[in-house]
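Everything on this sheet refers to the single structure shown next.
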Amino acid sequence: MKIKLFFLIIFTTQLFSLTIVLNSAKFNDKPYAILHIKDSEPVDCKIAPQSKNKKIYLCKFNKIINTPIESKEMPLVTIDFLEKKKEFYVRIEPKVHSRLVETKSPLYLVDEVSSIKSNDIKNQWSIFLYDKIILGKKPLNENINFPIHYPKNIKPYIGALDLNGAPISYVQSKDIELYVDLKENFKNKKYNKVANDSIDIIKKYPNTIFKNEFILYRLKAIDIGLDTKDQRITKNFDPHDIIKEGKAWMKLFPSDSNIPEILMLIAKSYLKIGFKADANYFMDILISEYKDSLYTKKAILIFADSLYNNDEKDKAIKLYLDVLYSVQDLDVAAEAAIRLSDKEMNRGKTDQAKTYLLKVLEANHEYLLQDIEGSYRLAKKLASNKLYDMASKVSDTLLHDLDVDYKNREEIVKNSGLWHAKANEIQNAHDRLKQYLEEYKYGIYRDEVQASLDELFFELNETNETKLANYYDVLIDRYPDKIGKRALVEKSKLLLSQKKYKDVLGMDSVLKSIDEDNKRSNQVLKAASALVVLNLKDDTCTRAISYMEKYSLKIEGFDKSKLFNCLITTSRFKQAKKLSEVEAKNGTLEKRNIWMQKHLLSLYKLNEHERVLNMGEDIVKMSRALKIEPSDDTLEMIFFSLVKLDKFEKAIDVAKRIEKSSGNKFKNSDIYIVIVKKAEEKRDDLLLSEYANKIISLQKKHKNYIYTPAVELSLIAALQRLGKIEDALVVALDLLDKQISDKEKIRVYYNAGELSMKLNKNSDAKKYFEKCKNIKAESSWKDICKQNLSLL
């Protein structure tokens with residue numbers, strides 16, 4: 001009889017503690033499996049019969065999940081996950097024979113055993129899956145059935161023993177077993193169980209000698225649970241609990257050796273809730289009374305983290321360094337080094353981060369040699385964190401005077417070479433690996449070392465671009481002659497192929513220095529051109545033009561239309577004029593027409609208004625030949641140039657043309673306001689009224705009142721001069737409904753009152769003057785309102 005077992009956890013979810021586990025096995029080469037379904041709450045599993053030999057099982061949960069779960073397809077069974085209203089179903093469709101089995105509680109948890117099937121909904125079920133029956137089903141005879149009671153010794157156990165195997169006479173020896181179990185649960189990271197069980201044990205055994213340890217493990221479990229955001233912990237505990245119970249613990253056990261750890265947990269909890277002063281108090285106790293304690297060092301690291309996160313970075317860095325230089329524990333030292341390196345890299349100081357680690361190694365040189373095994377563990381830990389260059393330096397220090405017969409010397413030599421290789425320290429790696437092969441000709445790591453050495457040997461033919469780049473840097477540093485110069489050129493080509501254009505530009509000066517004629521390298525020009533193309537595409541004009549000017553790039557090869565737009569955007573109007581002038585002479589009529597309009601823009605930006613008019617006339621003629629309308633932008637530039645040249649009548653004609661082609665465009669109000677101002681200067685009230693009304697109409701249509709109240713006030717004055725008092729009053733009252741300042745309202749109320757007086761509506765006038773007077777803002781118009789009120 002042969003049995004093979006395989007285990008597969010299909011999934012487990014913390015959403016409602018549902019676990020589905022499939023145990024597969026073979027019995028005499030016959031496959032079978034048992035599917036276990038377990039939840040913290042009752043699960044209702046039922047059979048949904050299909051055909052004669054087929055079943056489907058549905059297990060219902062009275063809850064829903066937020067995260068979709070994918071179906072699981074396996075050789076013996078298919079599992080689907082369904083959601084309906086506020087219920088969640090697991091649908092199990094066996095592909096072979098199957099049987100649903102109700103899983104009962106373990107015998108040791110009950111004091112009565114019965115064969116009667118319970119009707120209660122269980123929280124655990126099993127489904128037996130088999131292709132062929134592997135165990136015969138023995139028929140059951142009718143027998144007497146009654147429950148059997150086990151009131152005592154439900155679960156057999158062996159009590160605590162001394163070193164000679166004799167039972168310990170301690171009356172409450174059960175708590176020893178519970179203490180061992182608690183430590184094992186903590187080791188297995190069952191922190192919620194530790195936090196709860198510890199209190200239950202103390203209540204059951206209030207006089208236990210392990211009371212201090214039970215509470216200590218509880219506090220440690222809560223702290224880890226809060227750090228890892230374990231919902232089972234965070235739901236029931238917070239840092240206040242650690243502070244409260246930690247202080248109580250110190251009162252109960254004032255001489256306990258674990259006080260530094262409790263102090264650290266309390267200080268850490270105070271920092272979490274932002275009580276820095278209280279945290280400082282406990283930190284002071286640690287530093288003054290337990291200066292060399294491991295937990296004091298850990299507390300300092302935690303305190304340094306809080307400083308760093310509160311922008312007191314320099315203080316934090318100092319504390320990290322203090323721990324690194326003073327701590328004797330390798331794990332804490334490595335942790336401090338890694339934190340320091342990480343924080344400095346966060347600040348962009350990667351070189352300084354490595355420098356700090358190097359200083360640590362140098363400052364602790366004597367310590368490294370005193371504890372070679374511990375120092376080697378530190379080196380391996382650094383390597384596990386990918387700090388290979390640091391790890392190799394530690395190993396080099398250890399190997400300097402290490403006895404040839406030292407037990408781990410062979411492994412240290414091997415790892416030193418591998419770490420140098422991973423740090424891309426090619427020569428050091430080569431030398432160390434060669435040393436291993438010479439000293440350990442039949443060493444157990446010979447194959448691994450030879451493979452690494454071969455990898456270094458073929459570095460010249462490496463196709464991995466990252467390794468190639470590092471290799472070029474080594475050659476550049478090592479060889480100042482033609483090899484180094486070739487490496488510079490090859491590196492620039494590699495960077496160019498990787499589209500690292502800015503890095504190529506960073507090599508500009510050094511590449512020029514190695515050129516016989518001190519010319520700029522083709523790679524740099526190509527990289528600059530590529531950056532211009534990218535920036536033109538992204539409309540980042542300042543950068544595009546900057547690269548063109550700095551590297552003296554010609555316009556050929558670039559999108560000239562985008563380039564022209566960028567030249568205008570960056571106020572390079574002369575260059576834009578030159579470009580558009582050339583392009584406007586070439587190509588089809590359509591292309592020339594487009595470039596003539598661009599050329600018109602460059603002339604306008606240069607205030608060459610006479611040429612704008614000439615070019616504008618050509619554009620209008622060409623547009624007529626192409627049977628298209630000239631663009632509004634073109635007409636606008638012609639209009640403004642006519643105004644600048646004081647050709648107002650012609651400007652009006654152009655404005656009418658613009659209005660005809662796009663009368664509803666809000667941008668037209670920019671043209672109309674110029675006409676209003678010119679008309680105001682010329683006292684042409686009819687023209688002013690016409691275009692002021694156009695502006696007011698556009699503003700109302702687009703709900704954009706940029707020229708209010710100036711345009712309305714000009715219109716009111718013009719209408720008064722034209723004798724259209726009622727129309728002027730309508731404009732004034734309409735203006736009062738718009739959002740204007742208090743000072744502006746004073747003037748408008750004055751106008752409304754004055755216009756009402758002219759219409760012999762004295763009661764209305766008085767009302768408007770009153771409102772004018774009552775506005776708190778100061779204005780000369782307000783004084784006139786008061787005067788008019790006195791006259792009324």
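The values are calculated or read from the model by the stated rules, or taken from the named source; none is laboratory data. Predicted model, so just to flag it, every value in this text is computed and none were measured. Backbone-built Cβ (ideal geometry, glycine too); neighbour counts: all protein chains shown. These accessible areas exclude ligands, DNA and RNA; they are computed on the full protein's heavy atoms, side chains included. Shrake-Rupley method; radii C 1.70, N 1.55, O 1.52, S 1.80 Å.
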Query raised in the report: How would 26, 297 rank on accessible area, largest to smallest, probe 1.4 Å?
Result: 26, 297
**Report entry** Per-pair calculated FRET efficiency, R0 = 51 Å: residue 574 and residue 700 via Cβ, rounded to 0.05
**Finding:** 0.75
Report summary line: Counting only protein heavy atoms and rolling a 1.4 Å probe, one gets per residue an accessible area for region 160-307 in Å² of 54 Å²
Query raised in the report: Taking R0 as 51 Å, what's the FRET efficiency between residue 680 and residue 526 from their Cβ-Cβ distance, rounded to 0.05?
Result: 0.30
Report summary line: Treating only Lys and Arg (+1) and Asp and Glu (-1) as charged, each at its beta carbon, one finds that region 167-284 has a dipole about its Cα centre, in Debye to the nearest 20, of 280 debye
Query raised in the report: Got a number for carbon plus sulfur as a percent of region 647-792's accessible area, 1.4 Å probe?
Result: 47 percent
Query - Where region 634-792 is the region considered: accessible area per residue in Å², 1.4 Å probe - result: 53 Å²
Report summary line: Semi-axes in Å, largest first, for region 580-664 (Cα gyration tensor, √(5λ)) are 21, 16, 9
Query - Cα gyration tensor shape for region 645-727, rounded if a/c is under 1.5, else prolate or oblate - result: oblate
Report summary line: Using alpha carbon centers only, region 539-564 is separated from region 634-697 by a whole-angstrom value of 37 Å
Query raised in the report: Taking every DSSP beta bridge that has both residues in region 25-66, what percent is antiparallel when rounded to the nearest 5?
Result: 100 percent
Report task. Mind putting a number on the dipole of region 519-608 about its Cα centre? Charges go on the C-beta only, +1 for Lys and Arg and -1 for Asp and Glu, and I need it in Debye to the nearest 20. Result -> 300 debye
Report task. Return the long-range amide H neighbours of residue 684 (sequence gap of 5 or more, or a different chain), with a cut-off of under 5 Å between placed amide H atoms. Result -> none
Query raised in the report: Distance in nm between label sites at residue 585 and residue 717, each 7 Å beyond Cα in the beta-carbon direction?
Result: 5.1 nm
Report task. Sticking with the crude label model, points 7 Å out along Cα→Cβ, report the distance from residue 770 to residue 537 in nm, one decimal please. Result -> 7.1 nm
Query raised in the report: Got a number for carbon plus sulfur as a percent of region 504-616's accessible area, 1.4 Å probe?
Result: 48 percent
Query - Summed side-chain charge close to residue 444 - residues other than residue 444 whose Cβ falls under 14 Å, Lys, Arg +1, Asp, Glu -1 - result: 0
Requested in this report: Could you list which residues have their amide H under 5 Å from that of residue 708, counting only those 5 or more apart in sequence or on another chain, with H placed in the peptide plane?
Outcome: none
Report summary line: Ranking 281, 299, 323 by how far each Cα lies towards the positive end of the charge dipole of region 277-323 (+1 on Lys and Arg Cβ, -1 on Asp and Glu Cβ), the top one is 323
